[in-house]
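Trainee: I'd like to ask some things about the structure below.
Laboratory data are not the source of any read-out in this text; all were calculated from the coordinates shown. Keep in mind the model is a prediction, meaning the values are calculated, not measured. Counting neighbours? That spans all protein chains shown, and the Cβs are built from the backbone with ideal geometry, glycine included.
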Ligand SMILES: [Zn+2]
């Protein structure tokens, strides 16, 4: 087995037993990136030199018998909306194409403290707005399973990097499904934690009340291990949750007894692809086989989730992205036309934002600005907040009767690149099954459970109440012990 | 209020006060005026991507103290909202402020005119809420200059916005309201209220009510900005009332007429006129919505009550006490209280030491305050402790030295930091015992038979010459003692 086929847990075992060094491992992943970057375009930039230096430093500490962190020597790819004090953090936008953050995001600090080796930055939809990684200013990422198809988004680069064996684990961010949906399309495990469980400090904000950073990997165990590093209170994030953090990678192998699963009725109707439906139903039967009891559950307000989400997220985004105005940092337009009415400052703002943002970002800024405007606020933003509360209540009611909810992650398998670019509404409807967890602030996990006849991955979504990440990871771990979807690898073009 | 005017002036004020916290509202940067540009900044207050705010609780507590001092109701739950607008000094593109659930509301400030020109009056406070200050643009946008500069040091400074009801009826009332408000905030140690440094800023809303054929008409409301001193506020409002009246006579336009919007005018104190500012700013829609990065703030009844109990004696109560307990005239009480609590405390110590409020007040107003204003320092930096000054005044009261000699001694104490005794020694002042004084008087009377004769004839004024000679021979003699003694001895001769 090649180095790049190991899981993070296996790599750690081999480093502990001195069969492999982080140097070997890091070099192997960098070689995989170099070889297949042209096909997949999973990373927007990587730092081979810096990664090798870190790997060597960790190797020598391990050699000296010094204590090392939970991810010591394990390569990681992080989404390009996470601020890193080395190199550029661009959000895959022309607006920040040359922006260097002076500080590390809290999750980056935590990865570094756990002795992870950060390889580079994952491609994404511009400012995390999209479900296909096609809106990136650096070109689309290709699905490693079928290069003409999208990898999902917005964390498409992070998902594709794991699927293409360019990193054993990666970090994504999830505002409406942006970890789970690309994980589903790329056949990897992706966890969107409870809102506030992982600090957002240093995550370039999209929808602040919805944004969550989370891990992606081939196995639930790897995801659990990274989660142990990421989770915890951060005094720099006022919305961060206090309280102890479990060692997820230890508890995830414990057996689950008498788990009650609820199948979300509303997510098996119109719009769900037959092949996806049948794979998800098979997964549900496998869970039954593992001892889970399954009942049907209704979330009566979930059908309004997309409508509410596409008011709330763009509203917050319209405010969060106001700072990108060319005045302080980032892209600034040149040759500002003389604007008689508004003066040179406004003219500069206008041209900078027109040129610096892509179409999808501008569409969402417009949507959000409109929803918050005087005369529309009550009809849109305020009603969306009310729906949000009703949806949260639906989940709370459901968890009185079941422990976890189960259903599909996406209505269809990954579509072709370019297929939905002209139809934003169709693209938005792809988020139907995932946005509920963001609106309610609850954890959810995407678990690979099959492939279509065309060879595209399909996943099942597990959702749970607040801070139930341990249970979700246990379920996923139990499933993976009885299945081998996570062992499959896409066929990439061989190196010349 | 001038009853002869054909209109009533209606004024409400928005006062912004920078809170005297150590650090800024949402980050740990130092909250200080006057540092080099952009040296007191961090990713949070500079609005860098990914940075998040964390509330400085002491700014909230200070605001609650101010609001309690303004007799406001304190809701037990308050939240933050974003006020969205683009400007170069606002790096996030929004200001974190409070919109529909401010930290306090429905308060009042009682004002009274020491000159008695208007009767005591209660000015309503609609609300006081907390928000972050913006940076400073050091450029001239209108001129379109290329080298615009921005200083973000002020970004994130906690700012308390105190909005009054439109209860003020004249520039004079506005002046009293502002100085009473400033005094209250200083007493509560909320802010240094320095208008030059921008830690207190005033915007005014003003219009006129005019009776026309038994009906009350109102002129359009105008917001006046850019007033950099209390005097400028009063001048701007006096100007604006006249301007609105003249405009109304010309156009007859009233509040609520079609096409009438709120106008913003900037005051030019040098020119003594206000000018209309661009109309774009009036129509701005700030798209307020709840700040998702900050949890709501909660406080308990008990905590609010603790703030109420900790307020201490506020200026109005202190004035009353000075009049009642120390028998000071109201004017004296007003002057002392307006100097701030530390000076009042100095007064208390001094009055206690000499057991006389009025004399203590006189010395403070004539000697201490003159020094403070000449040197430009506060009472905390006054070199003579109240006990030392008290001991000096006691000597004067005991006629050990004259008031004018006392002033000389005080001047010596101020410049050298000496005790009264040491200062007297430095000046060569020694107490002359009564035997020595009597000896001196006898010598003078014997040497001046003409004066003795005059005195015997009843020309008492003649004794003045002897007092003068006595002071020349020994500057330490008590003139009054010499006068009395010479008169008695001459009578016996
Ligand atoms: Zn700061």
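Trainee: In terms of the Cα gyration tensor, with a ≥ b ≥ c the square roots of its eigenvalues, is region A:207-308 rounded because a/c is under 1.5, prolate because a/b exceeds b/c, or oblate?
Mentor: Working: a/c = 2.13, a/b = 1.31, b/c = 1.63.
Oblate shape, in that a/c is at least 1.5 and b/c is the bigger or equal ratio.
Trainee: Separate question: Between region A:425-491 and region B:145-210, what is the separation of their alpha carbon centroids in Å?
Mentor: Here the two parts' Cα centres lie 56 Å apart.
Trainee: Here's another thing I want to ask about it. Compute the acute angle (0 to 90°) between the alpha-carbon long axis of helix B:463-473 and the principal axis of greatest extent of the alpha-carbon atoms of chain B; round to the nearest 10°.
Mentor: Value to nearest ten degrees: 80.
Trainee: What is the fewest-to-most order of A:252, B:29 by other Cβ atoms lying within 10 Å of their Cβ? All intermediate terms of the calculation are to be shown ahead of the outcome.
Mentor: Values: A:252 28, B:29 21.
Going from least to most buried by this count: B:29, A:252.
Trainee: Another question, if that's okay. Run the numbers for residue B:306 and residue B:165: contour at 0.36 nm per residue of separation, minus the present Cα-Cα distance, in nm.
Mentor: Values: separation 141, 0.36 × 141 = 50.76 nm, distance 2.71 nm.
48.1 nm is the gain from fully extending residue B:306 to residue B:165.
Trainee: If R0 is 22 Å, what FRET efficiency do you get for residue B:58 and residue B:197 from their C-beta distance, rounded to 0.05?
Mentor: Numbers: r = 21 Å, r/R0 = 0.94.
Computed FRET efficiency for residue B:58 and residue B:197: 0.60.
Trainee: Using only DSSP helix segments of four residues or longer, with each worth -39500 (n - 2.57), what per-residue ellipticity at 222 nm results for chain A after dividing by its residue count and rounding to 500? Spell out each step's value before the answer.
Mentor: On the way: 16 runs with 183 residues, N = 496.
That calculation yields -11500 deg cm²/dmol at 222 nm.
Trainee: Across peptide B:80-89, what mean number of C-beta atoms from other chains lies inside 10 Å of a residue's C-beta? Could you put the intermediate results ahead of the total?
Mentor: On the way: counts 1, 0, 6, 1, 6, 1, 9, 5, 6, 1.
Counting Cβ atoms of other protein chains within 10 Å of each residue's Cβ and averaging gives 4.
Trainee: Is the C-alpha gyration tensor of region A:3-258 telling us rounded, prolate or oblate? Criteria: a/c under 1.5 is rounded; beyond that, a/b larger than b/c is prolate, otherwise oblate.
Mentor: Values: a/c = 1.32, a/b = 1.13, b/c = 1.17.
Taking the square roots of the gyration eigenvalues as a ≥ b ≥ c, region A:3-258 is rounded.
Trainee: Another question, then. Residue B:404 versus residue B:71, label points 7 Å from Cα toward the beta carbon: distance in nm?
Mentor: My value for the distance between the label points is 5.1 nm.
Trainee: Further question on the same structure: Expressed in nm to one decimal, what extension gain is obtained for the pair residue A:425 and residue A:253 from 0.36 nm per residue of sequence separation less their Cα-Cα distance? Don't skip to the answer; put the middle values down first.
Mentor: Details: separation 172, 0.36 × 172 = 61.92 nm, distance 4.06 nm.
The span from residue A:425 to residue A:253 would gain 57.9 nm if fully extended.
Trainee: If you don't mind, there's one more thing I want to ask. So what's the back-of-envelope 222 nm ellipticity for chain B, counting only DSSP H runs of four-plus at -39500 (n - 2.57) apiece and dividing by all residues, rounded to 500?
Mentor: Working: 16 runs with 190 residues, N = 493.
Theoretical 222 nm ellipticity from helices: -12000 deg cm²/dmol.
Trainee: Another question about this same structure. Could you work out the mean count of beta carbons from other protein chains within 10 Å of each residue's beta carbon in A:364-371? Walk me through the numbers on the way to the answer.
Mentor: Numbers: counts 0, 0, 0, 0, 3, 3, 1, 2.
That works out to 1 on average.
Trainee: While we're on this one: Take every Cα pair under 8 Å in chain B that's 6+ residues apart, average their separations, divide by the length, and report that relative contact order as a whole percent. The partial results should precede the final answer.
Mentor: On the way: 815 pairs, mean separation 66.6, N = 493.
In percent, rounded to a whole number, it is 14.
Trainee: With a point put 7 Å past each Cα toward its Cβ, work out how far residue A:487 is from residue A:31 in nm, to one decimal.
Mentor: In this crude label model, residue A:487 to residue A:31 measures out at 2.5 nm.
Trainee: Let me ask another. Treat each spin label as a single point 7 Å out from the Cα along the C-beta direction, and report the residue A:307 to residue B:416 distance in nm.
Mentor: Result: 9.0 nm between the two label points.
Trainee: If you fit an axis through the alpha-carbon atoms of helix B:230-251 and take the longest principal axis of the Cα set of chain B, what angle between them do you get, 0 to 90°, nearest 10?
Mentor: Value to nearest ten degrees: 50.
Trainee: With equal scatterers on the alpha carbons only and no solvent term, can you work out the Debye log10 of I(q)/I(0) for the protein assembly as shown at 0.04, 0.06 1/Å?
Mentor: -0.31, -0.59
Trainee: Now for a separate question. Could you order peptides A:215-228, A:31-44 by the average number of other Cβ atoms within 10 Å of their residues, highest first?
Mentor: Values: A:215-228: 28.1, A:31-44: 19.9.
Top to bottom by mean Cβ count within 10 Å: A:215-228, A:31-44.
Trainee: Inside 10 Å of the C-beta atoms of B:38-49, what's the mean count of C-beta atoms belonging to other chains? It would help to have the intermediate numbers written out before the result.
Mentor: On the way: counts 0, 0, 0, 0, 2, 7, 2, 0, 4, 5, 10, 19.
Mean shielding by partner chains, rounded to a whole number: 4.
Trainee: Once you sort the root eigenvalues of the Cα gyration tensor of region B:308-426 as a ≥ b ≥ c, which label holds: rounded (a/c under 1.5), prolate (a/b larger than b/c) or oblate (the other case)? Present the calculation step by step, with values, prior to reporting the outcome.
Mentor: Details: a/c = 2.22, a/b = 1.66, b/c = 1.34.
It is prolate, given that a/c is not under 1.5 and a/b is the larger ratio.
Trainee: Now, a different point. Please compute the contact order of region A:101-140 in relative form: average sequence separation of alpha-carbon pairs under 8 Å and at least six residues apart, divided by the residue count, as a percent. Please list the in-between numbers first.
Mentor: Values: 21 pairs, mean separation 9.3, N = 40.
Relative contact order for region A:101-140 comes out at 23 percent.
Trainee: Over region A:101-174, what is the relative contact order in percent, taking alpha-carbon pairs closer than 8 angstrom and at least six residues apart? Intermediate values should be presented prior to the final figure.
Mentor: Details: 108 pairs, mean separation 17.7, N = 74.
RCO, region A:101-174: 24 percent.
Trainee: Based on other C-beta atoms within 10 Å, arrange B:213, B:81, A:211, B:110 from fewest to most. Walk me through the numbers before you get to the answer.
Mentor: Working: B:213 5, B:81 22, A:211 26, B:110 11.
Result, fewest neighbours first: B:213, B:110, B:81, A:211.
Trainee: Work out, step by step, the length gained on full extension between residue A:87 and residue A:2: first 0.36 nm times the residue separation, then minus their alpha carbon distance; give nm to one decimal.
Mentor: Details: separation 85, 0.36 × 85 = 30.60 nm, distance 2.98 nm.
Full-extension gain reported as 27.6 nm.
Trainee: Let me ask you something else. Arrange the following residues from fewest to most other Cβ atoms within 10 Å of their Cβ: A:146, B:450.
Mentor: Working: A:146 21, B:450 9.
Going from sparsest to densest Cβ surroundings: B:450, A:146.
Trainee: Moving on to the next point. Can you work out the FRET efficiency for the pair residue A:45 and residue A:147, with r the C-beta to C-beta distance and R0 = 22 Å, to the nearest 0.05?
Mentor: On the way: r = 21 Å, r/R0 = 0.95.
With a Förster radius of 22 Å, E is 0.60.
Trainee: Follow-up. When you count, for each residue, the other Cβ atoms within 10 Å and take the mean per peptide, how do A:182-191, A:357-366, B:309-318, A:306-315 rank with the highest first? The partial results should precede the final answer.
Mentor: On the way: A:182-191: 33.7, A:357-366: 19.2, B:309-318: 14.1, A:306-315: 24.7.
Top of the packing list down: A:182-191, A:306-315, A:357-366, B:309-318.
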